[in-house]
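Asker: Quick one: this structure, given as structure tokens, is what I'll be asking you about.
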Amino acid sequence: MSVRHTLLGALVFAGLAACVPLLPLWLISLITIAMSSGLVVSGLIILWRAGLVPFGQALFFATGAYTVALAGLWLKISDAVVLVILAIVAAALVAAFAGLLLARYREIFFAMLSLALSMILYGLLVKSEALGSTDGINVAQATFFGMKPRGAAYTIAVFWLSLVLVFLAWLSVTAYLGSVAGQMAGAIRDNEIRVEYLGISVTRLIHLKLTIAAALAGAGGALAALSISHVDPQMAYWTTSGGFVFVTILAGAVSVPAAFIGALIFEVIRSIAVAVLPGGWQMILGTVLLVTILFVPNGLGSLIMRKRIAGQGGSK
Amino acid sequence: MVPGTTFVRVCKAVLVATGVSIIGLATASAQTATPPAVAPVKLGIVTFLTGAAAGPFGIPGRNAAEIMIEMINAGKVPEPYATPGLGGAPIETKVLDENGSTANQVTEFRNLVQRDGMHAIVGYISSGNCLAVAPVAEELKALTVLFDCGTPRIFEEKSLKYVFRATPHATMDSVAAARYVVKKYPELTSYSGVNQNYAWGQDSWRDFVAAMKALTPKAKVEKELFPKLFAGEFGAEISALLTAKSPIVHSSFWNGDLESFIVQSGARGLSKESTMVYTAGESAMFRMGSKIPDGSIIGARGQHGVLAPESALNTWFRKVYEDRFGTPPLYPSYHMAQSLLGLKAAWDKAAIKAGKRPTTDEVIAAFENLEFEGPSAKIRMAIGNGHQGISDIAYGTFKYNKAEARPEIVDIVRFPAECVNPPANMTSTAWLEAGMPGAKCN
């Protein structure tokens, strides 16, 4: 990615951060929640490009969220940045361990195994009465560099934190996808044996991809925990993973910003659907998914990319 | 033309249409039609409209809200609630689904308060959702009445100003079940439990065991079974209970699990060995009918439904509810009705005191430590710093009336509120572990 792009991106984010007084608070917290799943989806894109669809990404999402909750509860850590870093490290560690097994599997076996692992975490959390079982536990409100914003200021502080995280995720995921290891994804999807013949260990590469995706999911979980101030085992349940896959289908794996835009669109559609059709909002979501698969099979990102390619006269 | 561009156009059209309708909806919700003479009180109702908890809890709760708000607006509720609206202002409602993740619930709660400008929220069945929205209600200074969730943790973990719960918490259900069992089986030597493995099941069993230890220390726990939530198949658990032969088996099952368990344990003759105690049994009583073995002990999370004592308000409530929906109100309907009546009582009291439309703080001041009549019992906001209601409770024994082909509850025993609820200065766990000191049962 060029410096020009990075600067442009930084400007966009600074602009968004400055927009705060213009946005109503409910929209700010809605965007924050959307960005937390956008972070997970940006990680899913990395796996998606290699032909892997994990149905258990909630494992790392919940790991991140519970790390924040428990670090606050047991270690009395309250700084938001420290909490997010801890969550990222914890999720990446879990992935580094789970990856020893997961990285050997492909297709449906990979999907099901990752789902199984996330359901193990769900089962453990449900059985732990000390952690509130299915009711979950409240997360203490975090501090930011020694400052203790409360009320509306806290919502805004977490929103800014989400913008910083999204900016960093955008830079690093784009950089990774552009690197040799990232570019290998398509080759792995198309013909693994050839990649091995080039002298590259596919298993190790996928292990790395898993760990990066998990770190992003951990960041998403941390952001969700800080934003809603509550964690519960539902965060590790397979429907949560399904929600991330849904957004990935909506966004497509073509473009990284599409992950965040897709997550935001999903959250807005869900919120409107709930208000419009309280007894059947899932039907609206299902229709959106169907329409996306039928008419934009490569996701919303493909619309942006197609326009760009058309603008460049198809030279890319 | 490249094939596929038509698709892109269609998609763009769909997206644009969606965008336009979003904007349209946003503006539509921002503007209300011609303003009525008195500005309405905007009330958000949140209950399960979809998912497993919708049938037994969510929909009965929503139905009760629908009929009660209609009647309150028309001023048709019997005394002492015969004045229309909340302090004269009509109620305008927005009903939302509680199904979805906690993040969704917190987001929608913020939307209700900050986007839609709701003046109060009445809702939440899941204890997890109650725990998650309570701090948000405090942050947004939004008056919130939790209507059905049972966990005592809400007001015991922190002191809340904007959150109320007229419905007594779940400790009462387990304590009253234990008192009823001990009354009927004074010589009990052992008992077992089969509860769903999630917060409600675990808490119910823990409280029941603690109460039993205090009341009859010689009775031993035989089997503690925790099948997973919505397992639907209880062959292994029933085998274990059949070999244990405990005279009493406690269960806080509800919905599909409750009905499956009743059918499966009936087929294997568990009732010959053990008497079941279903703390939430009333919700399945009419659907299951004769399939429930005679002699089973039935609770209703309060003295609701068939356990309710005669009163004008109760007779009226049952009638209007049945006329509209064709079924009698279940206990979640009572929970909703008493939560709305509590809000009305507090609002009316505050409105009289203020002489005009009361502020949220004035309603809160009126709601704290309030005593009011619900359809089935008098509610006293006596614990949780005046934010948590307590009421009397009843348990009874199931009997199927073959002659009239309808289920009945006999041997009803009522326990006063102070007999089954912790005092204001103790958490329920501490109270149970200390052997329920200060319980007044006569």
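The values are calculated or read from the model by the stated rules, or taken from the named source; none is laboratory data. The shown structure was predicted, so the numbers you read here are calculated from the model rather than taken from an experiment. As a convention, Cβ positions derive from the backbone with ideal geometry for all residues, glycine included, and neighbour counts pool all protein chains shown.
Residue by residue, here is whether (1) at pLDDT 95 or above; (2) part of a helix (DSSP H, G or I); (3) surrounded by 16 or more Cβ atoms within 10 Å (Cβ to Cβ) holds:
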residue	(1), (2), (3)
A:Leu7	no, yes, no
A:Gly56	no, no, yes
A:Ala69	no, yes, yes
A:Val82	no, yes, no
A:Gly99	no, yes, yes
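Asker: I need the full set of residues from the stretch B:143-158 which are polar (S, T, N, Q) and at pLDDT 90 or above, in order please.
Answerer: Correct list: B:Thr144 only.
A quick yes/no check of all residues on (1) in contact with a strand residue (DSSP E or B) (Cβ under 7 Å, 6 or more places away or on another chain); (2) closer than 21 Å to B:Thr189 by Cβ; (3) in a strand (DSSP E or B); (4) among the charged types (D, E, K, R):
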| position | (1), (2), (3), (4) |
| --- | --- |
| B:Ile238 | no, no, no, no |
| B:Leu241 | yes, yes, no, no |
| B:Gly256 | no, no, no, no |
| B:Gln264 | no, no, no, no |
| B:Lys272 | no, yes, no, yes |
| B:Val277 | yes, yes, yes, no |
| B:Ala280 | no, no, no, no |
| B:Ser283 | no, no, no, no |
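Asker: Would you be able to tell me the number of residues in the stretch B:97-132 that are within 21 Å of the chain's Cα centre (by Cα), within 8 Å of another protein chain (Cβ to nearest Cβ) and either among the acidic types (Asp, Glu) or assigned to a helix (DSSP H, G or I) (or both)?
Answerer: Residues meeting the conditions: 9.
Asker: For B:Pro80, work out the one condition from (1) touching a Leu at 6+ places or on another chain (Cβ under 7 Å); (2) in a loop (DSSP other than H, G, I, E, B) it doesn't fulfil.
Answerer: (1)
Asker: What helices (runs of 4 or more DSSP H) lie completely within the stretch A:184-263 and have 2 or more residues being of a type in the set (Asp, Glu) and over 13 Å from A:Ser36 (Cα atoms)?
Answerer: Per the criteria, A:192-197.
Asker: Just checking, does the stretch A:16-31 include any residue being assigned to a helix (DSSP H, G or I), within 14 Å of A:Val166 (Cα to Cα), at pLDDT below 90 and more than 14 Å from chain B (Cβ to nearest Cβ)?
Answerer: yes
Yes or no, residue by residue, for (1) crowded, with 21+ Cβ neighbours inside 10 Å; (2) closer than 22 Å to A:Ser37 by Cα:
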| position | (1), (2) |
| --- | --- |
| B:Pro80 | no, no |
| B:Thr83 | no, no |
| B:Glu92 | no, no |
| B:Ala103 | yes, yes |
| B:Thr107 | yes, yes |
| B:Gln114 | no, no |
| B:Gly123 | yes, no |
| B:Ser126 | yes, no |
| B:Val136 | yes, yes |
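Asker: Considering each of B:Pro135, B:Pro90, B:Pro186, B:Pro152 in turn, give the residue that is free of Cβ contacts under 8 Å to residues at least 40 places away in the same chain and in the same structural domain as B:Thr360 (by TED's automatic domain parsing).
Answerer: Just one listed residue meets the conditions, B:Pro135.
Asker: Over 27 Å from B:Val38 (Cβ atoms), in contact (Cβ under 8 Å) with a residue 12 or more places away in the chain, hydroxyl-bearing (Ser, Thr, Tyr) and surrounded by 14 or more Cβ atoms within 10 Å (Cβ to Cβ): which single residue out of B:Thr397, B:Thr360 fits that description?
Answerer: From the options B:Thr397, B:Thr360, the qualifying one is B:Thr397.
Asker: Checking B:Lys42 against (1) touching a His at 6+ places or on another chain (Cβ under 6 Å); (2) within 10 Å of chain A (Cβ to nearest Cβ); (3) over 30 Å from A:Tyr66 (Cα atoms), only one condition comes out false. Which one?
Answerer: (2)
Asker: So A:Ser271 passes all but one of these: (1) within 14 Å of another protein chain (Cβ to nearest Cβ); (2) closer than 24 Å to A:Ala69 by Cα; (3) surrounded by 20 or more Cβ atoms within 10 Å (Cβ to Cβ). Which condition number does it fail?
Answerer: Here A:Ser271 clears every test but (2).
Asker: From B:Ser339, B:Ser296, B:Ser283, B:Ser333, grab the single residue that is touching a His at 6+ places or on another chain (Cβ under 9 Å) and either of a type outside the set (Asp, Glu) or free of Cβ contacts under 8 Å to residues at least 60 places away in the same chain (or both).
Answerer: Being touching a His at 6+ places or on another chain (Cβ under 9 Å) and either of a type outside the set (Asp, Glu) or free of Cβ contacts under 8 Å to residues at least 60 places away in the same chain (or both) holds for just one of B:Ser339, B:Ser296, B:Ser283, B:Ser333, which is B:Ser333.
Asker: Checking the structure you have, find out if any residue of the stretch B:139-149 is at the interface with chain A (Cβ under 8 Å from one of its Cβ atoms) and not polar (S, T, N, Q).
Answerer: Within the stretch B:139-149, one or more residues are at the interface with chain A (Cβ under 8 Å from one of its Cβ atoms) and not polar (S, T, N, Q).
Asker: Can you tell me which of A:Val231, A:Val256 is touching a helix residue (DSSP H, G or I) at 6+ places or on another chain (Cβ under 9 Å), surrounded by 19 or more Cβ atoms within 10 Å (Cβ to Cβ) and more than 24 Å from A:Gly301 (Cβ to Cβ)?
Answerer: When all the criteria are applied, what remains is A:Val231.
Asker: For the list (1) among the β-branched types (Val, Ile, Thr); (2) farther than 30 Å from B:Ile154 by Cβ; (3) within 14 Å of another protein chain (Cβ to nearest Cβ), I need the number of the one condition that A:Val173 fails.
Answerer: It fails just one condition, (3).
Asker: Then there is this: Within the stretch A:107-145, track down each residue that is outside any helix (DSSP H, G or I), in contact (Cβ under 8 Å) with a residue 60 or more places away in the chain and either away from every other protein chain (no Cβ under 14 Å) or loosely packed, with under 14 Cβ neighbours inside 10 Å (or both).
Answerer: Those that are outside any helix (DSSP H, G or I), in contact (Cβ under 8 Å) with a residue 60 or more places away in the chain and either away from every other protein chain (no Cβ under 14 Å) or loosely packed, with under 14 Cβ neighbours inside 10 Å (or both): A:Thr143, A:Phe144, A:Phe145.
Asker: Still on this structure, please answer the following. Given (1) within 28 Å of B:Val113 (Cα to Cα); (2) surrounded by fewer than 24 Cβ atoms within 10 Å (Cβ to Cβ), where does A:Ser36 come up short, assuming only one miss?
Answerer: Unmet condition: (2).
Asker: Filter the stretch A:227-245 for residues that are within 13 Å of chain B (Cβ to nearest Cβ) and hydrophobic (A, V, I, L, M, F, W, C) and give the result.
Answerer: A:Ile228, A:Val231, A:Met235, A:Ala236, A:Trp238, A:Phe244
Asker: Also: Could you tell me whether any residue of the stretch A:74-81 is over 30 Å from A:Met147 (Cα atoms), in contact (Cβ under 8 Å) with a residue 24 or more places away in the chain and hydroxyl-bearing (Ser, Thr, Tyr)?
Answerer: Among the residues of the stretch A:74-81, not one is over 30 Å from A:Met147 (Cα atoms), in contact (Cβ under 8 Å) with a residue 24 or more places away in the chain and hydroxyl-bearing (Ser, Thr, Tyr), which makes the answer no.
Asker: For the stretch A:292-304, name all the residues that are surrounded by fewer than 16 Cβ atoms within 10 Å (Cβ to Cβ) and either within 9 Å of chain B (Cβ to nearest Cβ) or not in a helix (DSSP H, G or I) (or both).
Answerer: Passing the criteria: A:Leu294, A:Pro297.
Asker: Something else: Please indicate, with yes or no, whether at least one residue in the stretch B:366-385 is assigned to a helix (DSSP H, G or I) and surrounded by 13 or more Cβ atoms within 10 Å (Cβ to Cβ).
Answerer: yes
Asker: Still on this structure, please answer the following. (1) in a helix (DSSP H, G or I); (2) within 14 Å of another protein chain (Cβ to nearest Cβ): which one isn't true of B:Asn197, the others all being true?
Answerer: Single failed check for B:Asn197: (1).
Asker: Please tell me if A:Ala103 is of a type in the set (A, V, I, L, M, F, W, C) and modelled with pLDDT under 90.
Answerer: For A:Ala103, the condition - of a type in the set (A, V, I, L, M, F, W, C) and modelled with pLDDT under 90 - is met.
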